[in-house]
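> Next up is a structure, given as structure tokens.
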């Protein structure tokens, strides 16, 4: 279905705008993604928005026209609207000319097939949406299967996290659970739980990582709780040669994830440093 | 000198608040850093603020008291003020209880001693202050000497960049210059210029990196200009196993920088993959 909306007080505009709040996202089980690049990435994964807003006054890119046709063909709603209304929906002065409304993409932990990938990222109490999105983007790049969010993490479907993920939100499985559930599930099958810690001297290049590897990343300020560290099969440390004692959480995740990937891709049974 | 300020219209408060704007930072050659952790990091590097604001109504940490004494002893100005005024200065609802005003820390390119470190990071047209600060933080961790900012980069002394650097702004040399100046300086001495590119198939673990290594990172959206890539001694690619074609700029920098550091620390003459 296609229609035009030009009024700010249109109920659909109000409803979609409310999806910028976590409370409304949770209630509606919907979220927003913006921009041709991310929406095209989603479509390449076979994910079509329920509702697609596009600017009437913009020259539409051929990929945008394909996307509009795909939404229409799938029975979704295509809304042509003004730049002002897109600005209102996205909360940005210079809005993207495409905004998609997608159903929540959380996978229940019980439905996660750990054999689908040799590497998974697990984040605990992550607070920053930019870090969360960047970790998803890194997960895609490094061939991880998905991101398991443990305890109270920032919402992966916030506009900031979706933007930072650059579309990886649509390629990575996303699970949200408590620590107890996660560890119970993990120990019900194969899996090496790998934590980074300041309390160990074991260099991150020393151990041999084993698939499926679960890389556990802690909160930006506190790191991992002591009992979570104790539950790990391996605790390792990225060398810090300067004055600071830690890396940004998304950076530490990437450095660890590429070390694990590098070991796996060269089939190294004894670890990078033997 | 110590004094109390309680009035919002105090000229010093207005002047310091204006340092949130790049224009005023440039004119005054001063910038702001906030919070006990970052200010203590600076003091450990021997850098004391010209002016230190602290909250009168906060319980002062022993390190804050040491900092206040150090500023006083160095002839700086210590200002006790209200949380509201600190909020006005920092632009945050929950301000840190310490704000320091520091002189600009830019090093002229001609004064940079390349032999002081075996690894330097060079960023071109970087746009995001969080990325810039995170790259400084990574530079500290990986034992880089500093960050050379080429062309129009975001201001490294913005509040967001300083915050993301977590104090690394005080441990890393910071240079700002044009590409022509940089490449002229680089070729006047030893140095391997290493760029990441989508246009090469050379895996980033394949080459042998040589000190002093200059790791060149491009703009978040565009990457490096073609002629900058041509000027590199090595172009390499971080493997991308998913759907996306790039990593976040700070993440890519960290993955590259740790590969170079790992080669150097194991004294590997032939590169990670031989």
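The values are calculated or read from the model by the stated rules, or taken from the named source; none is laboratory data. Since we're looking at a predicted model, the values are computed, not measured. Neighbour counts are summed over all protein chains in view; Cβ atoms, including those assigned to glycine, are modelled from backbone coordinates with ideal geometry.
> Have a look at B:242, B:189 and point out the one that is part of a loop (DSSP other than H, G, I, E, B) and without any contact (Cβ under 8 Å) to a residue 24 or more places away in the chain. Let's see the steps before the verdict.
Details: B:189 fails: without any contact (Cβ under 8 Å) to a residue 24 or more places away in the chain.
B:242 is the lone residue from the list that is part of a loop (DSSP other than H, G, I, E, B) and without any contact (Cβ under 8 Å) to a residue 24 or more places away in the chain.
> Moving to a separate point now. Of all residues in the range A:201-225, which are free of Cβ contacts under 8 Å to residues at least 60 places away in the same chain and buried (at least 17 other Cβ atoms within 10 Å of the Cβ)?
A:204, A:210, A:223, listed by residue number.
> Pull up the range B:119-152, narrow it to residues that are at positive phi and more than 12 Å from chain A (Cβ to nearest Cβ), then point me to the one that is surrounded by the fewest Cβ atoms within 10 Å (Cβ to Cβ).
B:151
> Let me ask you something else. Looking at residue B:47 and the list (1) modelled with pLDDT of 95 or more; (2) crowded, with 19+ Cβ neighbours inside 10 Å, which single condition is not satisfied?
The number of the failed condition is (2).
> Give the residues of the range B:246-269 that are under 14 Å from residue A:136 (Cα atoms) and either more than 9 Å from chain A (Cβ to nearest Cβ) or out of contact with any helix residue (DSSP H, G or I) (no Cβ under 9 Å at 6 or more places or on another chain) (or both), sorted by residue number.
Selection gives nothing.
> Here's another thing I want to ask about it. In the list A:187, A:163, which residue meets the criterion of being farther than 24 Å from residue B:258 by Cα and touching a helix residue (DSSP H, G or I) at 6+ places or on another chain (Cβ under 9 Å)? Don't jump to the end; show me each part of the working.
Working: A:187 fails: touching a helix residue (DSSP H, G or I) at 6+ places or on another chain (Cβ under 9 Å).
Answer to the selection: A:163.
> I need the full set of residues from the range A:169-186 which are without any contact (Cβ under 8 Å) to a residue 40 or more places away in the chain and either surrounded by 20 or more Cβ atoms within 10 Å (Cβ to Cβ) or within 14 Å of another protein chain (Cβ to nearest Cβ) (or both), in order please.
Answer for the range A:169-186, where residues must be without any contact (Cβ under 8 Å) to a residue 40 or more places away in the chain and either surrounded by 20 or more Cβ atoms within 10 Å (Cβ to Cβ) or within 14 Å of another protein chain (Cβ to nearest Cβ) (or both): A:172, A:186.
> Another question about this same structure. Could you check the range A:67-118 and list, in sequence order, the residues that are exposed (fewer than 13 other Cβ atoms within 10 Å of the Cβ), in a helix (DSSP H, G or I) and in contact with a helix residue (DSSP H, G or I) (Cβ under 9 Å, 6 or more places away or on another chain)?
Listed by number, the list holds a single entry, A:110.
> Can you tell me which of A:241, A:235, A:198 is within 14 Å of chain B (Cβ to nearest Cβ), surrounded by fewer than 22 Cβ atoms within 10 Å (Cβ to Cβ) and in contact with a strand residue (DSSP E or B) (Cβ under 9 Å, 6 or more places away or on another chain)? Give the steps one after another, and end with the answer.
Working: A:241 fails: in contact with a strand residue (DSSP E or B) (Cβ under 9 Å, 6 or more places away or on another chain); A:235 fails: within 14 Å of chain B (Cβ to nearest Cβ).
Just a single option satisfies the conditions, and that option is A:198.
> If residue A:140 meets every condition in (1) at pLDDT 95 or above; (2) in a helix (DSSP H, G or I); (3) not assigned by TED's automatic domain parsing to the domain that holds residue A:165 apart from one, which number is that one?
Going through (1) at pLDDT 95 or above; (2) in a helix (DSSP H, G or I); (3) not assigned by TED's automatic domain parsing to the domain that holds residue A:165 one by one, residue A:140 breaks only (3).
> Also, I was wondering about something else. Search the range A:79-118 for residues being touching a residue at least 60 places away in the same chain (Cβ under 8 Å) and within 14 Å of chain B (Cβ to nearest Cβ), and hand back the single one that is farthest from residue A:25 (Cα to Cα). Before the answer, list the steps.
Restricting attention to the range A:79-118, the residues satisfying the condition of being touching a residue at least 60 places away in the same chain (Cβ under 8 Å) are A:79-82, A:84-85, A:88-91, A:95-110, A:112, A:114-115, A:117-118.
Those still in the list that are within 14 Å of chain B (Cβ to nearest Cβ) too: A:96, A:117-118.
Values: A:96: 20, A:117: 29, A:118: 31 Å.
My answer is A:118.
> Go through (1) closer than 29 Å to residue A:222 by Cα; (2) touching a helix residue (DSSP H, G or I) at 6+ places or on another chain (Cβ under 9 Å); (3) assigned to a helix (DSSP H, G or I) for residue B:60 and report which single condition fails.
Result: residue B:60 passes all but (3).
> Looking at A:124, A:96, can you tell me which residue is farther than 20 Å from residue A:18 by Cα and touching a strand residue (DSSP E or B) at 6+ places or on another chain (Cβ under 7 Å)?
Numbers: A:96 fails: farther than 20 Å from residue A:18 by Cα.
None of the other options fit; the residue is A:124.
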